1. Is at least one residue of the range 165-181 part of a strand (DSSP E or B) and within 16 Å of ligand 2 (Cβ to nearest atom)?
2. Going by the structure shown, is ALA289 touching a strand residue (DSSP E or B) at 6+ places or on another chain (Cβ under 6 Å) and either among the acidic types (Asp, Glu) or buried (at least 23 other Cβ atoms within 10 Å of the Cβ) (or both)?
3. Just need a number here: residues in the range 43-58 that are outside any loop (DSSP other than H, G, I, E, B) and not acidic (Asp, Glu).
4. Given the condition away from ligand 2 (no atom under 16 Å from the Cβ), touching a Ser or Thr at 6+ places or on another chain (Cβ under 9 Å) and not in a strand (DSSP E or B), answer yes or no: does some residue in the range 212-220 qualify?
5. Which of the residues spanning the range 282-310 are in contact with a Lys or Arg (Cβ under 7 Å, 6 or more places away or on another chain) and within 11 Å of LEU33 (Cβ to Cβ)?
6. Please go through the range 85-94 and give me each residue that is in a helix (DSSP H, G or I) and surrounded by fewer than 17 Cβ atoms within 10 Å (Cβ to Cβ), ordered by number.
7. Checking ASP279 against (1) outside any strand (DSSP E or B); (2) buried (at least 23 other Cβ atoms within 10 Å of the Cβ); (3) within 16 Å of ligand 1 (Cβ to nearest atom), only one condition comes out false. Which one?
Amino acid sequence: MSLFKRLFGRGGQDAPRTEAEAQQEEAKVEQSLDKSRQGLFGRISQLFATDEPITDELWDELEELLIQGDVGVETTLYLVNRTKDRCNRNAVKKAREAREMLKAEMVRIFQDQVRPTTLTARPYIILVVGVNGAGKTTLIGKLAHRYQSYGKKVMLAAADTFRAAASDQLEIWAERAGVPIIRREQGADAGAVVFDALDAAAEQEIDILIVDTAGRLQAKYNLMRELEKLRNIIRRRVPDAPHEVLLVIDATTGQNGVLQAKAFRDSADVTDVAVSKLDGTAKGGIALAIAQDIERPIRYIGTGEKISDLALFDAQSFVNALFGE
Ligand SMILES: Nc1nc2c(ncn2[C@@H]2O[C@H](COP(=O)(O)OP(=O)(O)OP(=O)(O)O)[C@@H](O)[C@H]2O)c(=O)[nH]1
Ligand SMILES: [Mg+2]
């Protein structure tokens, strides 16, 4: 099946509209994985490109490279064991044949998390969460641009009222994307912004409302409680909303970043993950650790700082790109 058909077949209203667009996105992900491919994953690819027999040393080396590649110890052991089993079941003897087994197990880690999306709600409400600096506001700008260019009426809500300039930053993205924004002054109640936005979205018949949230509050204040409050406000007005809670994880923060993100998953009812800054790391293996540890589907990949640097995630293309295929 072509990438376009795979992405479109998922049923999301965010899928690329044409084959060419799907290919452009695939190329962006591929380019973002350049450094990974030149480094650790290139070495894995080489290890599994020969007709040498499979040995214990081969598995040890794979394990070491995966761990260095930010796949994480647990996910690495899981992946290597599954691959070994698959090789045994299929009576695979040569490294070159094991390559396909390894790739298939990687794809499976991602696909285990696929979630069917029903996107008929209007407004479709997306809550974007994540630690400070993860790339939330940037992702929102990219999503607004994307949906807008697909003919959707998009609105942004600046519910990060804590950090100075947070709303200004979102406003810059709103202008770039050419969509309206609902905001209040710094220090205002984030819940009040969400209230305003829900009113405005209903009044203006908005298709997609995207809510930016704080990545950090005063130390004594509980961020998770604030996110829960925002969710409840939304839910009281629109019973099955938010339709999507997107957790943004910075690919350059390593295993520690994944650990931090886990706290959000547990308290913010996260439905999907966006991996930002894939272009900024040589350790693209982090995506495997994220899928396995966060147990949510990776939906988007951030491939740069520009408004169009966004790609829909596709497991098979991602794994192919890691292996340089
Ligand atoms: N290279 C690269 N940089 C990115 C990407 N996404 C975000 N950034 C950069 O990461 C930095 C932080 O991004 P923001 O979008 O402000 O992050 P945030 O999560 O909203 O941060 P807070 O509002 O402080 O919680 C900015 O300098 C962005 O340009 C990406 O995909 N690639
Ligand atoms: Mg922000």
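1. First, pick out the residues of the range 165-181 that are part of a strand (DSSP E or B): 181.
Applying the additional criterion that residues be within 16 Å of ligand 2 (Cβ to nearest atom) yields 181.
Within the range 165-181, one or more residues are part of a strand (DSSP E or B) and within 16 Å of ligand 2 (Cβ to nearest atom).
2. On the way: touching a strand residue (DSSP E or B) at 6+ places or on another chain (Cβ under 6 Å): no; either among the acidic types (Asp, Glu) or buried (at least 23 other Cβ atoms within 10 Å of the Cβ) (or both): yes.
So ALA289 does not fit the description; no.
3. Of the residues in the range 43-58, the ones outside any loop (DSSP other than H, G, I, E, B) are 43-47, 53, 56-58.
Imposing the further condition that a residue be not acidic (Asp, Glu) reduces the set to 43-47, 53, 58.
Qualifying residue count for the region: 7.
4. Step one: filter the range 212-220 for residues away from ligand 2 (no atom under 16 Å from the Cβ), giving 218-220.
This time we only want the ones that are touching a Ser or Thr at 6+ places or on another chain (Cβ under 9 Å), so: none.
Within the range 212-220, none of the residues are away from ligand 2 (no atom under 16 Å from the Cβ), touching a Ser or Thr at 6+ places or on another chain (Cβ under 9 Å) and not in a strand (DSSP E or B).
5. Going through the range 282-310, the residues in contact with a Lys or Arg (Cβ under 7 Å, 6 or more places away or on another chain) turn out to be 282, 293-294, 296-297, 302-303, 307, 309-310.
Once the filter is applied, which keeps residues that are in contact with a Lys or Arg (Cβ under 7 Å, 6 or more places away or on another chain) and within 11 Å of LEU33 (Cβ to Cβ), the range 282-310 yields ALA282, THR303.
6. Quick first cut of the range 85-94, residues in a helix (DSSP H, G or I) only: 85-89.
Listed by number, the residues that qualify are ASP85, ASN88, ARG89.
7. With respect to (1) outside any strand (DSSP E or B); (2) buried (at least 23 other Cβ atoms within 10 Å of the Cβ); (3) within 16 Å of ligand 1 (Cβ to nearest atom), ASP279 is out only on (2).
Yes/no per residue for (1) under 25 Å from SER276 (Cβ atoms); (2) of a type in the set (Gly, Ala, Ser):
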position: ALA95; (1), (2): no, yes
position: PRO123; (1), (2): yes, no
position: ILE126; (1), (2): yes, no
position: THR138; (1), (2): yes, no
position: ALA158; (1), (2): yes, yes
position: ASP168; (1), (2): yes, no
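Every number here is computed from the coordinates shown, using simple stated rules; none is lab data. All figures in this text were calculated on a predicted structure; none of them were measured in a lab. Methodologically, a virtual Cβ is constructed for each residue, glycine included, from the backbone with ideal geometry; neighbour enumeration extends over all protein chains shown.
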